[in-house]
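Below you'll find the structure, written out as structure tokens, and then a few comments.
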Amino acid sequence: MTVWLLFWPVLLPILTASLCLVFWTRPDLQRVVSLVGTAVLAAGILALFREVWTSGIVSVQAGDWPAPFGITFVADTLSVTMAALTALIGLGVAVYAMGDLGHARESHGFHPLFQGLLAGVGGAFMTGDIFNMYVWFEVMVIASFGLITLGGEREQIDGGVKYVLLNLIATALMLMAIGLLYGATGTLNLADLAQVVPDHPDRGLLTAIAALFLLAFAMKAAVFPLYFWLPASYHTPAAAISAVFAALLTKVGVYALIRVFSLVFTESQEFIYAVLLVAGIVTMLVGVLGAIAQDDVRRVLSFNLVSGIGFILIGVGLGTALGLAGALYYTVHHIIVMSALFMVAGVAQRLAGAPGLNDLGGLYLKHPWVAVLFFFVAMSLAGVPPLSGFWPKVILVKASLATDAYVVAAAALVTGLLTLYSMAKVWSLAFWKPQPEHVVAAAGPGIMETGEMSRGDTRMTLLPIAVLALITLLIGLFAQPLLTLSERAADELINHQPYVTSVLGGEGA
Amino acid sequence: MESILAIAVGILVACAVFLILARDLIRIMLGLAILSNAANLLIFTSGRVTRDAPPIVPENVKVPEGVIANPLPQALILTAIVIGFSLLAFALVLSYRAFATMRTVDVDAMRLAEPPYPGQNVPSGAAGRQVERDTARLPEAAE
């Protein structure tokens, strides 16, 4: 049974996508299939999570080819946690999309593309083979291309061009890095690479390959100075789509970065960690400064997303178990909060009938629940206790002080303060101040009452946001279980011998 | 043989980078096509080149005799070619659509999703390729 559970994050979305294609002419049926499929996906991943939690790392060889010759799927604490979050966000977005997407977008294939995206993300998390990871990246990327241009508005085409170009370059670089690594070592299995790479005689060559991997994954993860595609495109598609992008796509890049640099390239760590630390500091500062300068609410959030990637990177770059645990905790928090923020921003923009901070306003009076939910998640992002953003920041600052990295701690605190400022700015401009007269006049009467959303739509979109907000409160109030989880995942990453043994069998021990 | 192929990969990547740095969307697409082909050739070269030794195991034997060509890179390249082909096809359609909506192939002039920053002089199209301007909606027309 475990064998099947390991393929669950891939097989089930593909099955659901195929079923959605069968019902191509019936978007209403696609909704049901998509929702049920995602729920079953979540149930299977929870079962896998339980398995990994009780009996440790599990792996399976596709087609029963012995490792390292076949394709391996591995579930350790990190990958199964990420897969569980994928299912959670998938479920939330599937519900949100019912109220958010118009009929046109749904009937042009949102559901199959969305499930394809989940399959790609799940495969990238579960695979234990670097070339297979490239393939899942591509599955994810092609589905995201379809999603970002779905609807075909002018802004979407413009944002889509930049998104597609930069992603294509990143995957070409990743493919080159994989080819060079294969040429140098003769293997593609991550566990086997973990054995071969440390004993490889040509250190210079491997450092160059590591740098190429770093470049490709950093581009995917939107790390300074390779993040420009993200704020250029993430605010253009429908809110449901940007919510799932913001939650998952950059995190896959971060996951690949963590996986490859904790398992394979462990020798040249000093150099890579120094790069990650500097890139992380600059990313989080530039991201939050960019957020303060923006007008469109979802562009503000896009820059905050970039800033959050910086936080994760400094945790990885510190190179200690505590730092890594903080980074993983922050990743979990960031996935939940970012998708909730993008969702609530989408609702706010639709209710007010305007995208920009200057044109928004008065939402607190007209739609107090939307305002309260936004305030809640925004404060969580800013790291206000007792919400979930507070603990990872405490851990990261503690970890950087423990390694005498005072600059890192200072940068993290300054970024936290600036994030609070940027969120407070959105709150006061979009929700607190009255909506400018000319916008109300231009929109005509009634726009302030319900906007273009029906009451049912509003309820449907607010439900997943409320659930995600509740989760951020709960993991803020009861931080210990998630901290234990992060510490265990970090420990598995640093002492990766059980991973290698699980994949290669006895000879790896 | 490998060194010749390696130099060829280098030349291809150089051409691709040159083309991708252009402002013209069509040139960028051509650059991407060359870049993905360079990556394929790189994988092929990484697998080492063996002449006149097909990877076929004779009957009644489990292991091939002597040195044979490495079949794995070709499987990898086949995967990469299929993926690269479909991605490029999508990108080309998107480029056409971008030209149809924005009436330009100059990526610097595509400032719909991101408004021009203060003081930016948005070019009016790639090297005079501009056809008619949709004056009502392009951002610089407002000035």
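The values are calculated or read from the model by the stated rules, or taken from the named source; none is laboratory data. As the structure is a computational prediction, the values presented were derived from the model and not from experiment. Every residue, glycine among them, receives a Cβ derived from its backbone with ideal geometry; neighbour counts consider all protein chains shown.
For this structure, a couple of remarks:
- For the stretch A:481-493, the criterion of a residue being in contact (Cβ under 8 Å) with a residue 12 or more places away in the chain and loosely packed, with under 13 Cβ neighbours inside 10 Å is satisfied by no position.
- Some residue of the stretch A:164-178 being in contact with a Ser or Thr (Cβ under 7 Å, 6 or more places away or on another chain), in a helix (DSSP H, G or I) and not aliphatic (A, V, I, L, M): no
- In the stretch B:105-118, the condition of being over 24 Å from A:I142 (Cα atoms), out of contact with any Leu (no Cβ under 9 Å at 6 or more places or on another chain) and charged (D, E, K, R) is met by at least one residue.
- Those residues of the stretch B:17-37 which are free of Cβ contacts under 8 Å to residues at least 24 places away in the same chain and either in a loop (DSSP other than H, G, I, E, B) or more than 11 Å from every other protein chain (Cβ to nearest Cβ) (or both), in sequence order: B:F18, B:L19, B:L21, B:A22, B:R27, B:L30
- Being more than 8 Å from every other protein chain (Cβ to nearest Cβ) and either touching a Leu at 6+ places or on another chain (Cβ under 6 Å) or surrounded by fewer than 21 Cβ atoms within 10 Å (Cβ to Cβ) (or both) is a property that A:V196 has.
Residues are listed down the side, and each one gets a yes or a no for (1) within 19 Å of A:G290 (Cβ to Cβ); (2) in contact with a helix residue (DSSP H, G or I) (Cβ under 9 Å, 6 or more places away or on another chain); (3) surrounded by fewer than 20 Cβ atoms within 10 Å (Cβ to Cβ); (4) at pLDDT below 90:
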site: A:G152; (1), (2), (3), (4): no, yes, yes, yes
site: A:A172; (1), (2), (3), (4): no, yes, no, no
site: A:Y182; (1), (2), (3), (4): no, yes, no, no
site: A:G186; (1), (2), (3), (4): no, yes, yes, yes
site: A:A232; (1), (2), (3), (4): yes, yes, no, yes
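- For the stretch B:33-73, filtered to residues that are within 27 Å of B:L92 (Cβ to Cβ) and of a type in the set (G, A, S), the residue that is surrounded by the fewest Cβ atoms within 10 Å (Cβ to Cβ) is B:A33.
- Flag for A:L166 being under 18 Å from the mean Cα position of the chain (by Cα) and surrounded by fewer than 24 Cβ atoms within 10 Å (Cβ to Cβ): yes
- Note on the stretch B:38-67: residues that are within 16 Å of the chain's Cα centre (by Cα) and free of Cβ contacts under 8 Å to residues at least 40 places away in the same chain total 4.
- Residues within the stretch A:180-222 that are closer than 30 Å to A:S233 by Cα and outside any loop (DSSP other than H, G, I, E, B), tallied: 13
- Looking across the stretch B:33-69, the residues that are at pLDDT below 85 and either touching a His at 6+ places or on another chain (Cβ under 7 Å) or of a type in the set (S, T, N, Q) (or both) come down to B:T50, B:N60.
- Residue check: B:A142 meets all listed conditions (1) at pLDDT 85 or above; (2) of a type in the set (A, V, I, L, M, F, W, C); (3) more than 16 Å from A:G159 (Cα to Cα) but one, namely (1).
- Residues in the stretch A:410-432 that are within 24 Å of the chain's Cα centre (by Cα) and among the small types (G, A, S): A:A411, A:A412, A:G416, A:S422, A:A424.
- Hits in the stretch B:76-110 (condition: surrounded by fewer than 19 Cβ atoms within 10 Å (Cβ to Cβ) and more than 20 Å from the chain's Cα centre (by Cα)): B:A100, B:R103
So that you can scan it fast, the table gives a plain yes or no per residue for (1) of a type in the set (G, A, S); (2) facing chain B (nearest Cβ under 10 Å); (3) closer than 30 Å to A:V500 by Cβ; (4) in contact (Cβ under 8 Å) with a residue 40 or more places away in the chain:
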residue: A:A97; (1), (2), (3), (4): yes, no, no, yes
residue: A:A104; (1), (2), (3), (4): yes, no, no, yes
residue: A:G122; (1), (2), (3), (4): yes, no, yes, yes
residue: A:F137; (1), (2), (3), (4): no, yes, yes, yes
residue: A:S144; (1), (2), (3), (4): yes, no, no, yes
residue: A:G152; (1), (2), (3), (4): yes, yes, no, no
residue: A:N167; (1), (2), (3), (4): no, yes, no, yes
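- Residue within the stretch A:105-120 that is in contact with a Lys or Arg (Cβ under 8 Å, 6 or more places away or on another chain), assigned to a helix (DSSP H, G or I), over 14 Å from A:K220 (Cβ atoms) and modelled with pLDDT of 90 or more present: yes
- Single unsatisfied condition, A:I130 versus (1) within 14 Å of chain B (Cβ to nearest Cβ); (2) of a type in the set (A, V, I, L, M, F, W, C); (3) under 15 Å from the mean Cα position of the chain (by Cα): (3)
- Apart from one condition, A:V161 fits all of (1) more than 17 Å from B:I83 (Cβ to Cβ); (2) surrounded by fewer than 24 Cβ atoms within 10 Å (Cβ to Cβ); (3) at the interface with chain B (Cβ under 8 Å from one of its Cβ atoms); (4) not small (G, A, S); the exception is (2).
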